[in-house]
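Okay, structure first, notes after.
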Amino acid sequence: MGTSDVNANSSSSSLVKEFLHKCGGVAVIDGGFATELERHGADLNDPLWSAKCLLTDPHLVRAVHLDYLEAGADIILSSSYQATIQGFKAKGYSIEESESLLKRSVEIACEARDVYYNRCRESSADHSTDGKVLKQRPILVAASVGSYGAYLADGSEYSGEYGDAVDLNFLKDFHRRRVQLLADSGADLIAFETVPNKLEAQAFVELLKEEDIKTPAWLSFNSKDGVNVVSGDSLSECAAIGESCEKVLAVGINCTPPRFILDLILSIKQVTTKPILIYPNSGESYDGIRKEWSNTGVTDEDFVPYVNKWCEAGASLVGGCCRTTPNTIRAIHKSLSGKRTV
């Protein structure tokens with residue numbers, strides 16, 4: 001289901017409600033992107049991280065999107081999390097080239113969706129013999145917008161500590177043009193991801209209003225203690241910012257260890273009536289200085305029991321973030337298949 005399949009005048013809430021209804025009550029979000037790009041052979045040792053492949057290996061970006069669609073994802077996120085005009089300019093690209101690359105991130109995701117639908121039409125069954133999910137179903141493309149900390153590429157999206165010089169107006173000005181471009185790129189929605197503090201959440205919400213953004217959005221925070229967002233700001237207060245904005249269609253948590261998610265869902269439920277989205281990382285910890293993941297994460301087999309509990313607690317959009325894979329998403333899809341109402 002692209003934008004054309006949804007009434008263009010529908011409110012944000014009706015879009016997601018209609019989509020979830022068509023998905024049987026629960027939708028599956030894709031998983032970690034950078035890990036999969038590296039598995040396909042990409043070198044991401046760069047401040048642009050996964051956005052580097054928009055420049056060097058766009059075919060790999062498309063391949064990863066397809067991997068997740070064939071694993072059962074109903075929502076795929078563009079490879080623009082760490083793609084910013086400022087970041088591209090620092091690499092020597094013009095403003096025009098930088099803006100074109102941002103739009104290209106969404107175009108590639110939409111192309112992958114088209115290729116997937118073609119494969120579904122060519123298949124005689126919903127599942128092929130090699131275990132791929134080939135099923136005509138609603139699929140949304142979300143334009144990923146990472147936090148200011150993601151642009152800094154120093155791990156500060158995991159602390160939310162931007163310094164006193166970074167205020168509300170600074171953050172709005174930093175994100176403004178990128179949000180405008182991605183809103184007009186053909187994406188079905190905008191995914192504000194790994195939001196580490198209340199200030200940046202407020203900046204995103206005010207941008208949606210100030211620029212009269214028509215494309216609906218979701219707002220997703222991260223936590224390292226299962227109580228607050230990573231900056232120490234109250235999760236309830238952060239989620240309430242999303243609840244207050246009619247252009248925000250869902251609120252939730254990403255890139256957070258699975259063991260914290262259940263309590264976070266219960267906290268969010270107290271302040272929002274909107275769908276709750278959950279896409280945790282594998283449970284490993286990230287060293288922003290060394291740019292390495294450490295410790296042992298949750299296996300795909302152990303991830304699934306968590307998912308069932310999250311959905312019972314109120315989550316209706318579920319997937320994975322860093323270090324999760326198409327195998328993780330396939331396991332989630334399989335687990336939820338029997339619980340969906342269609």
TODO: Taking Lys224 as the residue in question, decide whether it is in contact with a strand residue (DSSP E or B) (Cβ under 6 Å, 6 or more places away or on another chain) and either surrounded by fewer than 24 Cβ atoms within 10 Å (Cβ to Cβ) or in contact (Cβ under 8 Å) with a residue 40 or more places away in the chain (or both).
DONE: no
TODO: State whether the residues of region 109-119 include one that is among the small types (Gly, Ala, Ser) and touching a helix residue (DSSP H, G or I) at 6+ places or on another chain (Cβ under 7 Å).
DONE: yes
Open item on the list: If I ask for residues that are surrounded by fewer than 24 Cβ atoms within 10 Å (Cβ to Cβ) and closer than 15 Å to Cys110 by Cβ, which ones from region 190-221 would you list?
Closed with: Thr215
- [ ] Output the residues belonging to region 94-110 that are more than 15 Å from Ala142 (Cβ to Cβ) and in contact (Cβ under 8 Å) with a residue 24 or more places away in the chain.
- [x] Glu99, Leu101, Arg104
- [ ] Test Gly24 against the stated conditions and say whether it is assigned to a loop (DSSP other than H, G, I, E, B) and within 21 Å of Leu152 (Cα to Cα).
- [x] no
- [ ] Could you identify the single residue in Leu249, Leu182, Leu262 that is part of a helix (DSSP H, G or I), in contact (Cβ under 8 Å) with a residue 24 or more places away in the chain and closer than 24 Å to Lys103 by Cβ?
- [x] Leu182
Open item on the list: Considering only residues that are touching a Lys or Arg at 6+ places or on another chain (Cβ under 8 Å), of a type in the set (A, V, I, L, M) and farther than 23 Å from Thr325 by Cβ, which ones fall in region 240-277?
Closed with: Ile241, Val248, Leu249, Ala250, Val251, Ile276
Open item on the list: Would you confirm whether or not region 60-71 contains a residue that is under 20 Å from Val195 (Cβ atoms), open to solvent by less than 20 Å² (accessible area, probe 1.4 Å) and touching a residue at least 24 places away in the same chain (Cβ under 8 Å)?
Closed with: no
Task: Ser94 closer than 18 Å to Leu189 by Cβ and among the polar types (S, T, N, Q) - done: no
Task: Residue list for region 185-219, restricted to those being without any contact (Cβ under 8 Å) to a residue 40 or more places away in the chain and outside any loop (DSSP other than H, G, I, E, B) - done: Leu199, Gln202, Ala203, Glu206, Leu207, Lys209, Glu210, Leu219
Task: Filtered residue count, region 151-179, keeping only those that are under 25 Å from Ser78 (Cβ atoms) and surrounded by fewer than 14 Cβ atoms within 10 Å (Cβ to Cβ) - done: 1
TODO: Of the conditions (1) closer than 21 Å to Leu317 by Cα; (2) more than 19 Å from the chain's Cα centre (by Cα), Cys120 clears all except one; give me its number.
DONE: (1)
Open item on the list: Just to verify a result, which residue in region 227-243, among those that are assigned to a loop (DSSP other than H, G, I, E, B) and either open to solvent by less than 10 Å² (accessible area, probe 1.4 Å) or of a type in the set (A, V, I, L, M) (or both), is farthest from Thr273 (Cα to Cα)?
Closed with: Val230
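Taking into account only those residues within region 232-246 that are in contact (Cβ under 8 Å) with a residue 40 or more places away in the chain and more than 20 Å from the chain's Cα centre (by Cα), which is nearest to Gln202 (Cα to Cα)?
Here the answer is Asp233.
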Task: Odd one out for Asp114 among (1) at pLDDT below 95; (2) surrounded by fewer than 16 Cβ atoms within 10 Å (Cβ to Cβ); (3) more than 25 Å from Ile253 (Cα to Cα) - done: (1)
Task: Qualifying residue in region 118-136 (condition: modelled with pLDDT of 95 or more, part of a helix (DSSP H, G or I), farther than 24 Å from Glu70 by Cα and not acidic (Asp, Glu)) - done: no
TODO: Confirm whether Ser50 is in a loop (DSSP other than H, G, I, E, B), open to solvent by less than 10 Å² (accessible area, probe 1.4 Å), within 18 Å of Ala150 (Cβ to Cβ) and out of contact with any Lys or Arg (no Cβ under 9 Å at 6 or more places or on another chain).
DONE: no
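The values are calculated or read from the model by the stated rules, or taken from the named source; none is laboratory data. Since the model is a prediction, treat every value here as computed from it, not as a measurement. Heads up, the Cβs are rebuilt from the backbone with ideal geometry, glycines too, and the neighbour counts pull from every protein chain shown. Surface accessibility is based on the protein's heavy atoms, side chains included, excluding ligands, DNA and RNA. Shrake-Rupley method; radii C 1.70, N 1.55, O 1.52, S 1.80 Å.
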